[in-house]
1. For the stretch 235-258, how many residues are surrounded by fewer than 18 Cβ atoms within 10 Å (Cβ to Cβ) and under 22 Å from the mean Cα position of the chain (by Cα)?
2. Just one of L112, L134, L145 is within 20 Å of K256 (Cβ to Cβ), in contact (Cβ under 8 Å) with a residue 40 or more places away in the chain and in contact with a helix residue (DSSP H, G or I) (Cβ under 6 Å, 6 or more places away or on another chain); which is it?
3. For the stretch 7-46, how many residues are without any contact (Cβ under 8 Å) to a residue 60 or more places away in the chain, over 17 Å from the mean Cα position of the chain (by Cα) and surrounded by 17 or more Cβ atoms within 10 Å (Cβ to Cβ)?
4. In the stretch 130-187, which residue that is more than 19 Å from V271 (Cα to Cα) and among the aromatic types (F, W, Y) is nearest to ligand 1 (Cβ to nearest atom)?
5. If the requirement is being of a type outside the set (S, T, N, Q) and surrounded by 18 or more Cβ atoms within 10 Å (Cβ to Cβ), which of these qualifies: L281, L331?
6. Just to be sure I understand, how many residues within the stretch 177-187 are at pLDDT 95 or above and open to solvent by 10 Å² or more (accessible area, probe 1.4 Å)?
7. What do you reckon, is A97 among the small types (G, A, S), modelled with pLDDT of 95 or more and under 22 Å from G272 (Cβ atoms)?
8. Looking only at residues that are surrounded by fewer than 16 Cβ atoms within 10 Å (Cβ to Cβ) and not polar (S, T, N, Q) in the stretch 70-80, which one is farthest from G5 (Cα to Cα)?
Amino acid sequence: MKILGIETSCDETATSVVEDGTKILSSVVASSLPLHAVSGGIIPEIAAREQLKAIIPVLETAIREAGLKAASIDAMAVTFGPGLIGSLLVGVETAKALSYVWNKPLVPVNHLVGHLYATWLENDAPPKFPLIVLIVSGGHTEIFLVTCHGYWKHLGGTRDDAAGETFDKMARFLGLGYPGGPAIAESSTKGTPTAYNLPRPLIDSNDYDFSFSGLKTAVINLVNKLNSKNAISKSRQNENLAACIQEAIVDCLVVKTIRAAQIFDIKNIVVGGGVAANQTLRTKMISEFTGKVYFSAPKFSIDNAAMIASAAFFNYKPVSWKKIEVNAQILV
Ligand code: KG4
Ligand code: ZN
């Protein structure tokens with residue numbers, strides 16, 4: 001079954017054709033990221049305007065690169081939420097119109113569910129249920145127990161900032177660039193992760209929640225103190241700070257996720273979302289968990305439409321275009 005996926009929940013306009021949930025026939029991602037780099041964060045209005053321009057060309061490209069005609073697509077899938085409302089509307093309304101005109105079944109997909117299915121793409125050994133799933137991105141940091149396709153239980157998540165958002169805000173504060181995750185990861189390679197003692201908020205709490213706003217405040221206070229002393233060069237200081245921030249965020253993610261796996265006696269963990277591209281997170285999660293940890297390939301960790309088409313295949317529940325709304329609170 002060939003599914004045409006559409007993903008427009010943040011700054012990307014992504015389309016893809018995936019066969020039977022695993023084989024990518026095409027995957028196109030147009031990003032307006034450079035336009036947001038200047039401000040150090042996504043400007044929703046600019047993202048949505050760029051998506052309006054990009055959506056039809058990227059749809060045409062995905063179908064052409066798959067070597068298909070629209071008529072040979074079996075179904076369509078679209079991210080309905082969560083995400084930026086203006087951005088989601090571009091993808092959802094385009095999908096609804098095409099579903100009506102082409103008379104194709106349309107499957108609405110939750111963006112977080114999509115991130116899990118990135119691990120099924122081009123993977124001969126996809127994850128085995130039951131799973132503890134950590135979705136960690138610019139907008140989310142959530143832990144789920146997923147017993148099989150379509151059965152999700154939310155265990156906990158961030159009470160304030162998402163992990164990716166913390167990377168982005170800290171990188172902006174240190175002047176390291178945007179997006180912050182890759183910038184901090186890059187700077188960390190030259191820093192010492194034990195240089196400063198940063199807090200790991202909620203790490204010992206008896207739940208699956210996270211909180212990163214206190215970490216941000218701790219970094220700001222520390223930088224103010226360090227600047228008044230001016231002991232080492234600014235660039236060396238930033239490398240150390242980057243390494244310490246990364247270590248603190250990764251520790252919280254690793255400890256809480258592994259604890260969930262231990263409490264529910266689950267042998268398999270999946271880490272999905274943009275922050276799953278972080279190498280320190282990958283290494284620590286694998287070395288500290290006695291079971292198996294699955295990550296999507298880094299290129300599928302960041303937002304794409306192939307994961308949306310894959311999620312639709314494994315959770316195939318088409319809905320009439322008349323009934324699909326953006327940001328509705330349906331998980332699968
Ligand atoms: O999943 P994603 O592409 O978009 C959302 O759904 O939010 O995630 C984007 C987030 C950004 O906050 C970015 O800084 C972070 O993922 N990110 C990383 C890395 N690559 C991307 N964070 C840490 N280390 C990375 N290597
Ligand atoms: Zn995402």
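The values are calculated or read from the model by the stated rules, or taken from the named source; none is laboratory data. The structure displayed is predicted, hence computed values, not measured ones. Cβ sites come from the backbone with ideal geometry, for glycine too, and all protein chains shown count toward neighbours. Only protein heavy atoms, including side chains, enter the accessible area calculation; ligands, DNA and RNA are left aside. Shrake-Rupley method; radii C 1.70, N 1.55, O 1.52, S 1.80 Å.
1. Going through the stretch 235-258, the residues surrounded by fewer than 18 Cβ atoms within 10 Å (Cβ to Cβ) turn out to be 235-236, 255.
Imposing the further condition that a residue be under 22 Å from the mean Cα position of the chain (by Cα) reduces the set to 255.
Qualifying residue count, the stretch 235-258: 1.
2. Details: L112 fails: in contact with a helix residue (DSSP H, G or I) (Cβ under 6 Å, 6 or more places away or on another chain); L145 fails: in contact with a helix residue (DSSP H, G or I) (Cβ under 6 Å, 6 or more places away or on another chain).
Exactly one of L112, L134, L145 is within 20 Å of K256 (Cβ to Cβ), in contact (Cβ under 8 Å) with a residue 40 or more places away in the chain and in contact with a helix residue (DSSP H, G or I) (Cβ under 6 Å, 6 or more places away or on another chain), namely L134.
3. Counting residues in the stretch 7-46 that are without any contact (Cβ under 8 Å) to a residue 60 or more places away in the chain, over 17 Å from the mean Cα position of the chain (by Cα) and surrounded by 17 or more Cβ atoms within 10 Å (Cβ to Cβ) gives 2.
4. Y178
5. Values: L331 fails: surrounded by 18 or more Cβ atoms within 10 Å (Cβ to Cβ).
Only one candidate passes the filter, namely L281.
6. 6
7. Working: among the small types (G, A, S): yes; modelled with pLDDT of 95 or more: yes; under 22 Å from G272 (Cβ atoms): no.
Taking the combined requirement at face value, the residue does not satisfy it.
8. Of the residues in the stretch 70-80, the ones surrounded by fewer than 16 Cβ atoms within 10 Å (Cβ to Cβ) are 70-72, 74.
In the following step, the residues that additionally are not polar (S, T, N, Q) were identified as 70-71, 74.
Numbers: A70: 13, A71: 15, D74: 11 Å.
Residue satisfying both the conditions and the ranking: A71.
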